[in-house]
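Before any comments, here is the structure.
The values are calculated or read from the model by the stated rules, or taken from the named source; none is laboratory data. Keep in mind that what you see is a predicted model, and the values were worked out from it rather than measured. A quick note on method: Cβ atoms are made from the backbone with ideal geometry, for glycine too, and the neighbour counts reach across all protein chains shown.
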Amino acid sequence: MHFPIDLIKDDISARKNSFSREYTYYLFAALSQDNGIKPFFNDQEVQSAAIEELFNRYAGKGGDITKGGICSVCGEEKEKLYGNFSLLKCYNLDKRGMITGGFHKSQGVHNFPVCRECIADVTYGLVFAKENLSFWMSGENYFLLPKVRNVEIKDMLIDILSKRSKRKKIPTLKEVELQSITADESELLEEIAELTKGKDTITLSLIFYEEKNAAWRIIAEINEVLPSRIKAIYAVKEEIDRYSLLFLSQKERENSRYFFDLRKLKAFAGHDGKQSRKIFLDWVDAVFRSGKIDRKNLITKLVKTILNQMKENSDYYAFTVRDAWAVFLFLIKLKAIDAIAGGKSMKLASTNPYGTFIKENPDFFTQPEQVVSFLTGCYVSAVIYVQRQSKNKAPFFKKVHGLKLDKRRLQELYPEARNKLHQYDKFGLVAKTLDPLLAEAWVKVGNSWDINDTEATFAFTVGLALSGNIVNPDKSEQEEDK
Ligand SMILES: [Zn+2]
C-alpha cells in the first residue's frame with residue numbers, strides 16, 4: 001500500500017492552522033474501508049500492545065517482581081509488581097541513596113512496588129484531577145481534592161464536574177471582573193460550598209504544585225477545608241466588594257463595586273521569590289483553614305509595599321493603600337488576624353463621618369494612637385485638596401509621601417497642616433469635623449505612645465488615601481460656602 005505522506009502532512013497542517021489556539025486536538029490513525037472509517041485504536045491487538053507498552057515503562061530500569069508480593073498502594077498481595085511507577089515524579093531512582101539493595105536500580109521495586117490495577121487507577125485519577133480539579137490562584141497551580149463520604153453528594157459533584165467546560169485558561173487583566181475569590185474563571189470552590197448548602201459534609205484539600213520539566217512537586221498543602229469556611233470567605237468578599245469607601249476609580253463608582261480576590265494578598269507578600277511565595281501561601285492557609293496571621297508582620301508587609309509604591313510612582317499610591325486596607329478588612333472580618341489584647345478602646349464625643357469610620361473599625365482603632373495617625377492623614381489630605389484646587393499642585397504631599405511616621409512627626413504635622421489651611425483661608429473645611437476630633441484624640445494619647453511607626457504610618461496613609469471618600473471635600477466646601 002502506498003501512503004501519500006506529503007499530501008497527508010500538508011492536509012494536517014492546513015487543518016491544524018484552521019483550529020483556534022484554545023482547542024486541544026488529537027490525531028488518530030485510521031483506515032478508510034468499505035465507506036467507513038476504522039480507527040486503529042479499536043483493534044484488540046493495538047489496544048493490548050499499547051497497554052503492554054505502558055506497563056513496560058514502569059518495569060524498565062526500576063525492575064519488576066513477577067513472583068508476587070504486596071502492592072504499596074492497595075496493600076494487597078499481587079502477582080506482578082512494577083518498580084518504576086513514578087507518574088508524579090515524587091519518587092526517583094536517580095540518586096544512590098534512594099535505592100535499597102546494593103544500589104542496583106533493578107532492585108528499586110523493593111522500595112515502591114505497585115500493581116497493575118493501582119497504576120491504572122492512580123494514572124486515571126491524576127488525568128482526571130488535571131482535567132477537572134486543577135485550578136489557578138495568583139500564579140500558583142493547585143488541585144482541589146474533595147473528600148466525600150456521602151454517596152448522594154458524590155454523585156452531584158461528579159454531575160457538576162461533567163457539565164463544566166473543560167476549557168481552561170489563565171484569566172487576563174481584562175477579565176478581572178470575576179466573581180471568584182481566586183480570579184480563576186473555572187473556580188469550583190463556591191459551587192462546592194453551595195452543593196452542601198454550607199454544611200460540612202465534605203472536606204477539601206488544596207494541593208499547590210509545581211510542574212517543571214516533567215518533575216512534579218508539591219509546594220504546599222491546605223487540608224481539611226470546610227464548605228462553611230468557603231461560604232464565609234465569599235460572604236466577606238461580597239461585603240468588601242460592595243464597601244463604597246473603597247471605590248476609587250470612575251468605573252468602581254459607576255458599578256458600585258470593587259473587586260477583591262486573593263491576588264490582592266499576593267501583591268503585599270513581596271517579590272522575594274521563594275520567601276514571598278511562602279508568605280502568600282501561609283496567608284492563604286490562614287484564610288482557608290481559619291488560621292491566624294501575625295498582625296505586626298502583616299502591617300509591616302502592607303506598609304512596605306505602600307512606601308515602595310509611593311517612591312516608584314506616587315500617582316497610584318491611593319490604590320495601593322486602598323488595596324492594603326481591603327486586605328486588612330478581609331482578614332480581620334475572617335478573624336484571621338489576632339485581635340489586640342488590652343487595647344484602650346476609645347469613645348469619641350463627635351459623631352461626624354470620620355468618627356463613624358473609627359467606630360466601625362474597632363479592630364483596627366484599638367488605641368487613640370491609631371486614631372491620631374489616621375486623622376492626621378485625613379487632615380493632610382484636606383491641605384493637599386486645597387493646594388490642588390488653588391495651584392494645581394500639592395507641595396504638601398511631597399512633605400509626607402514615602403515617610404515613616406512617629407509621634408514627633410505627627411505632632412509637628414498637626415499645626416503645620418492647620419496653618420496651611422488658614423493660609424488658604426480654608427480652615428472651615430475641617431473646623432467642625434476633623435479639627436476637634438484630632439484635638440480630642442491627642443488629649444487621649446497624652447504622654448504615652450504605644451504603637452510602632454509602621455502601624456502609625458499605615459493608619460496615616462489610610463486617612464490620606466480614603467479621606468476623600470469618607471467626606472467628599474467638594475461637597476463640604478459647597479456647604480461651607482452657603
Ligand atoms: Zn495495588
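Restricting segment 55-81 to residues that are away from the ligand (no atom under 16 Å from the Cβ) and assigned to a helix (DSSP H, G or I) leaves a set whose member that is modelled with the highest pLDDT is Asn56. What tally of residues in segment 251-271 results from selecting those that are farther than 14 Å from Ile240 by Cβ and of a type outside the set (Lys, Arg)? Counting residues in segment 251-271 that are farther than 14 Å from Ile240 by Cβ and of a type outside the set (Lys, Arg) gives 7.
Restricting attention to segment 346-373, the residues that are farther than 25 Å from Ala336 by Cα and either surrounded by 14 or more Cβ atoms within 10 Å (Cβ to Cβ) or touching a strand residue (DSSP E or B) at 6+ places or on another chain (Cβ under 6 Å) (or both) total 7. The residues on offer are Tyr258, Tyr317, and the sole one that is out of contact with any strand residue (DSSP E or B) (no Cβ under 9 Å at 6 or more places or on another chain), farther than 24 Å from Gln370 by Cα, surrounded by 20 or more Cβ atoms within 10 Å (Cβ to Cβ) and of a type outside the set (Asp, Glu) is Tyr258. The residue that is nearest to the ligand (Cβ to nearest atom), among those in segment 119-167 that are farther than 26 Å from Glu53 by Cβ, acidic (Asp, Glu) and more than 24 Å from the chain's Cα centre (by Cα), is Asp155. When you check Phe280 against the structure, is it assigned to a helix (DSSP H, G or I) and closer than 25 Å to Gln370 by Cα, yes or no? Spelling it out, it is not the case that Phe280 is assigned to a helix (DSSP H, G or I) and closer than 25 Å to Gln370 by Cα. Taking the stated definitions as given, is Glu211 within 15 Å of the chain's Cα centre (by Cα), assigned to a strand (DSSP E or B) and surrounded by fewer than 17 Cβ atoms within 10 Å (Cβ to Cβ)? In short, no.
Tell me, please, whether a residue that is part of a helix (DSSP H, G or I), of a type outside the set (S, T, N, Q) and at pLDDT 90 or above can be found in segment 337-346. No, every residue in segment 337-346 fails to be part of a helix (DSSP H, G or I), of a type outside the set (S, T, N, Q) and at pLDDT 90 or above.
Ser467 falls short on exactly one of the conditions (1) more than 22 Å from Asn308 (Cα to Cα); (2) in contact with a Pro (Cβ under 9 Å, 6 or more places away or on another chain), and that condition is (1).
Which of the following residues is at pLDDT below 80, in the same structural domain as Asp184 (by TED's automatic domain parsing) and within 27 Å of Asp285 (Cβ to Cβ): Arg164, Arg149? So the residue among Arg164, Arg149 that is at pLDDT below 80, in the same structural domain as Asp184 (by TED's automatic domain parsing) and within 27 Å of Asp285 (Cβ to Cβ) is Arg164.
Among the residues of segment 388-409, some residue qualifies, meaning at least one is touching a helix residue (DSSP H, G or I) at 6+ places or on another chain (Cβ under 7 Å) and within 30 Å of Asp285 (Cβ to Cβ).
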